[in-house]
Amino acid sequence: MRSGDFVGAIDQGTTSTRFVVFDRAGAMVASEQLEHRQMFPRPGWVEHDPDEIWDTTCRAAEGALQKGGLAAADLVAVGITNQRETTVVWNRQTGRPVANAVVWQDTRTADLCAELAGDRGPDRLRATTGLPISTYFTGPKIRWLLDHHDLTDRAEAGELAAGTVDSWLAWNLAQSDLHITDVTNASRTLLMDLRHLTWDEGSCDLLGVPPAMLPEIRSSSEVYAEVGVGPLQGVPLAGILGDQQAALFGQACFSAGETKSTYGTGNFMLMNTGPEALPSAAGLLTTVAFKLGSEAPCYALEGSIAVTGSLVQWLRDSLGLLRESNDVEALASSVEDCGDVYFVPAFSGLFAPRWRPDARGAIVGLTRHSTAGHIGRAALEATAFQTREVLDAMVSDSGVTLSELKVDGGMVGNELLMQFQADILGIDVVRPVVTETTVLGAAYAAGLAVGFWGGRDELAANWREDRRWVPGVDEATRAERYRRWGEAVERSLGWVT
């Protein structure tokens, strides 16, 4: 094993890129975070600059090492966790992107997805891929880029590479023809056979994506290459996990039935289902949770919510109700309750468990009594209500009744939200000491690959509880609030025709 006392991890998220260094106890030693631009060229379109993502990755790594007084030689390995589904296409020879990245939230492929679904409906690939045909996933985004930039012939000739952000970063980090992705990211493309962990010929044909441009599918924890450039030069790249699977891994949810919910730009709840790829009848996704080296894969059920933390950013940036995102708790606490105001943040339609691309955002119940505080509180409560919908679907699919929900991500410092989440779920909500479990999961995957940690038992021993919220309302109150939320959602549906 390479000498060194720390593991580093890149967390390339929707709004920012971070680099974090962890010690053997899973504690954060140093961190640097840099935002990158969000581009909205048309309604429903969301783009990122791949070159800017690569630049912020290098600068974040350099900044974190400087803050910690560390050098690359102090790291035994580095891992990647990334915003999933966001799609990059680049020229293999020049390494240059052919267009901006199309972000997971982007809805430009709505007409294409309807065409692909055809008479057989959006679930025609679900038995193979675990996913419905949706604007959310990578495959339709690749097809759109090929069609609208006239790139199909070049893609079929092998001149172009396509992948999610992990592939883009691995390509640049290795400074060689390393075109890879891991099973968790591949499981979000609509192109991978979920049980064989290979690109599915029928899915590629249907979506019009040439397999020649797709990356090699690898496990989530193995040594892929040495970093060949920049502040991490010489460090083994040894772990890749999509961000939500990384959070599951960082929360030490290693056994079937263990569940976590990450509160970030969107919300994502995953339940470990063990070696079984459990089909969903309740609107959830079947996905790969992780695969460690040559071990058999572990699967998960997932409920994806498009807009939670980004709703707070919208209150800040578009409405000017907040100076800083963290001010939302004080704003929401300025009123005793929501005043019967409900906020349905269907900016990109509704994801799990409803899958309604025709929905759009709605604030209902406004009166002259309503204030900015009521809107702020309704925005926070929307996160909790959507999470309740997903949890109900997960219990229905799995038959597992939860007594507690592990939570992580940027919003779990909001005490008001966490208490309301426990109230509306009717179970305990538990926050760990290290709440940034996404980047921790990527570090764990990389460290396991090089023997820095001995196994999952050692990782589980690192997990420690920080705070627990217990439900504080009766069942009648909980049911009435949830019923009113459902009425608000019904008013958001069918807006896009």
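The values are calculated or read from the model by the stated rules, or taken from the named source; none is laboratory data. Please read these numbers as outputs of a predicted model, since none were measured by experiment. Cβ: placed from backbone, ideal geometry, glycine included. Neighbour counts: every protein chain shown. With ligands, DNA and RNA removed, areas are computed over all heavy atoms of the protein, side chains included. Shrake-Rupley method; radii C 1.70, N 1.55, O 1.52, S 1.80 Å.
Things to note:
- So Thr387, is it open to solvent by 30 Å² or more (accessible area, probe 1.4 Å) and either assigned to a helix (DSSP H, G or I) or over 18 Å from Leu425 (Cβ atoms) (or both): no
- Residue check for Ala99: farther than 26 Å from Arg464 by Cα, within 21 Å of the chain's Cα centre (by Cα) and aliphatic (A, V, I, L, M): no
- Scanning the range 294-303 for residues that are in contact with a helix residue (DSSP H, G or I) (Cβ under 8 Å, 6 or more places away or on another chain), of a type in the set (Phe, Trp, Tyr) and either more than 20 Å from Trp495 (Cβ to Cβ) or surrounded by 16 or more Cβ atoms within 10 Å (Cβ to Cβ) (or both) turns up nothing.
- Any strands (runs of 3 or more DSSP E) falling wholly within the range 1-69 and containing at least 1 residues that are under 22 Å from Phe268 (Cβ atoms) and open to solvent by 60 Å² or more (accessible area, probe 1.4 Å): 28-35
- Of all residues in the range 394-413, those satisfying the criterion of being over 13 Å from Gly264 (Cα atoms) and open to solvent by 10 Å² or more (accessible area, probe 1.4 Å) are Val395, Ser396, Asp397, Ser398, Gly399, Val400, Thr401, Leu402, Ser403, Glu404, Lys406.
- Scanning the range 131-145 for residues that are out of contact with any Pro (no Cβ under 8 Å at 6 or more places or on another chain) and not charged (D, E, K, R) gives Leu131, Tyr136, Phe137, Thr138, Gly139, Pro140, Ile142, Trp144, Leu145.
- Some residue of the range 465-485 being under 30 Å from Val7 (Cβ atoms) and either open to solvent by less than 30 Å² (accessible area, probe 1.4 Å) or free of Cβ contacts under 8 Å to residues at least 40 places away in the same chain (or both): yes
- Residue that is most open to solvent (accessible area, probe 1.4 Å), among those in the range 89-112 that are of a type in the set (A, V, I, L, M, F, W, C) and part of a loop (DSSP other than H, G, I, E, B): Val98
- Restricting attention to the range 414-426, the residues that are open to solvent by 10 Å² or more (accessible area, probe 1.4 Å) and in contact with a helix residue (DSSP H, G or I) (Cβ under 8 Å, 6 or more places away or on another chain) add up to 7.
- In the range 342-353 there is no residue matching the filter, namely being under 26 Å from Leu493 (Cβ atoms), in a helix (DSSP H, G or I), open to solvent by less than 60 Å² (accessible area, probe 1.4 Å) and touching a Gly at 6+ places or on another chain (Cβ under 7 Å).
- Criterion applied to Asp177, Asp123, Asp182 was being open to solvent by less than 20 Å² (accessible area, probe 1.4 Å) and touching a helix residue (DSSP H, G or I) at 6+ places or on another chain (Cβ under 9 Å), and the one residue passing it is Asp182.
- The single residue among Ile133, Ile142 that is crowded, with 18+ Cβ neighbours inside 10 Å, in a helix (DSSP H, G or I) and of a type in the set (Val, Ile, Thr) turns out to be Ile142.
- Subset of the range 363-376 (residues that are open to solvent by less than 40 Å² (accessible area, probe 1.4 Å) and either under 17 Å from Trp485 (Cα atoms) or in a loop (DSSP other than H, G, I, E, B) (or both)): Val364, Gly365, Ser370, His374, Ile375, Gly376
- Residue among Leu169, Leu190, Leu173 that is at pLDDT 95 or above, outside any helix (DSSP H, G or I) and either closer than 22 Å to Arg354 by Cβ or touching a strand residue (DSSP E or B) at 6+ places or on another chain (Cβ under 8 Å) (or both): Leu190
- Condition met for Gly320 (surrounded by 17 or more Cβ atoms within 10 Å (Cβ to Cβ), of a type outside the set (A, V, I, L, M), more than 24 Å from the chain's Cα centre (by Cα) and part of a loop (DSSP other than H, G, I, E, B)): no
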